[in-house]
Amino acid sequence: MWESVPRLLAQHRYLVLGTADREGRPWVSPVFFAADGHHRVLWVSSPDSRHSRNIAARPEVAITVFDTAAPVGGAEAIYLEATAGPAADDARAADLASLNARLPAGHQLVPEDLAPAGPLLVYQAAVSRHFVLIRGGDDRFDNVTDARLAVFPPEADPDHTT
């Protein structure tokens, strides 16, 4: 079921980013993103936004990628556990290229959009665990309600079973 991960990362442009502040109060934000492989996602944001301030205080994040237009009962989703923070300055050109490849012409980012000249930073999430949605009643599983299944890239899964 690993194949859902790269497919959904490539297919969708928004993720839901779950963060928490220093006291543990949760916050979720829809964020435009670009995947850099299967273990890193990128976005730009103001360091003053609530989710960015939360990441500065507590870098552990949860991410969901899914099709909001899917009919009820027809959704596919992936869930990611990750650690987030500002991306390294030396990766700025490559990160901007990854983000711009997903943006329409006329809406692409330029270096001047980014700090220190601009208001934005490139953020990254280093993904440590991947899960896929198993819908309730899936014939392959004994589940009545929706569930999550941990999946691993083929090179990390010696049995190649997930």
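Here are a few things to note about the model shown:
- Residue satisfying condition, being touching an Asp or Glu at 6+ places or on another chain (Cβ under 9 Å), closer than 30 Å to LEU149 by Cβ and either aliphatic (A, V, I, L, M) or surrounded by 15 or more Cβ atoms within 10 Å (Cβ to Cβ) (or both), within set ALA34, ALA88: ALA34
- Of the set (1) touching a Pro at 6+ places or on another chain (Cβ under 6 Å); (2) at pLDDT 95 or above, all apply to HIS160 but (2).
- Taking residues in region 103-121 that are in contact (Cβ under 8 Å) with a residue 40 or more places away in the chain and closer than 14 Å to PRO86 by Cβ, and partners anywhere that are of a type in the set (A, V, I, L, M, F, W, C) and open to solvent by 90 Å² or more (accessible area, probe 1.4 Å), not one pair has Cβ atoms closer than 8 Å while being at least 6 places apart or on different chains.
- Odd one out for ILE134, checked against (1) open to solvent by 70 Å² or more (accessible area, probe 1.4 Å); (2) within 30 Å of PRO71 (Cα to Cα): (1)
- Filter result for SER128 (within 21 Å of PRO30 (Cβ to Cβ), in contact (Cβ under 8 Å) with a residue 12 or more places away in the chain, in contact with an Asp or Glu (Cβ under 7 Å, 6 or more places away or on another chain) and not charged (D, E, K, R)): no
- Among the conditions (1) closer than 27 Å to ASP138 by Cβ; (2) out of contact with any Lys or Arg (no Cβ under 9 Å at 6 or more places or on another chain), the only one that SER45 does not satisfy is (1).
- Considering (1) in a helix (DSSP H, G or I); (2) open to solvent by 70 Å² or more (accessible area, probe 1.4 Å); (3) modelled with pLDDT of 95 or more; (4) not small (Gly, Ala, Ser), the lone condition that GLU155 does not fulfil carries the number (3).
- Residue in region 60-73 that is under 17 Å from VAL127 (Cβ atoms), aromatic (Phe, Trp, Tyr) and over 14 Å from the mean Cα position of the chain (by Cα) present: no
- Failed item, numbered, when ILE63 is tested on (1) touching a residue at least 60 places away in the same chain (Cβ under 8 Å); (2) in a helix (DSSP H, G or I); (3) under 19 Å from ARG25 (Cβ atoms): (2)
- Tallying residues that are open to solvent by 20 Å² or more (accessible area, probe 1.4 Å) and part of a strand (DSSP E or B) within region 37-59 yields 2.
- Within region 95-130, the residues that satisfy the criterion of being assigned to a strand (DSSP E or B), open to solvent by 40 Å² or more (accessible area, probe 1.4 Å) and small (Gly, Ala, Ser) are ALA126, SER128.
- Listed conditions (1) touching a His at 6+ places or on another chain (Cβ under 7 Å); (2) hydrophobic (A, V, I, L, M, F, W, C); (3) surrounded by fewer than 16 Cβ atoms within 10 Å (Cβ to Cβ); (4) within 18 Å of ALA126 (Cα to Cα) are all met by ALA10, apart from (1).
- Among the residues of region 53-73, those that are among the hydrophobic types (A, V, I, L, M, F, W, C) and touching a Leu at 6+ places or on another chain (Cβ under 8 Å) comprise VAL61, ALA62, ILE63, VAL65, PHE66.
- Qualifying residue in region 11-29 (condition: of a type in the set (D, E, K, R) and in a strand (DSSP E or B)): no
The values are calculated or read from the model by the stated rules, or taken from the named source; none is laboratory data. Everything numeric here is computed off the predicted structure, so don't read it as measured data. Please note: Cβ atoms are built from the backbone with ideal geometry, for glycine as well, and neighbour counts cover all protein chains shown. For the accessible areas, the whole protein counts, side chains as well, though only heavy atoms, and no ligand, DNA or RNA atoms are used. Shrake-Rupley method; radii C 1.70, N 1.55, O 1.52, S 1.80 Å.
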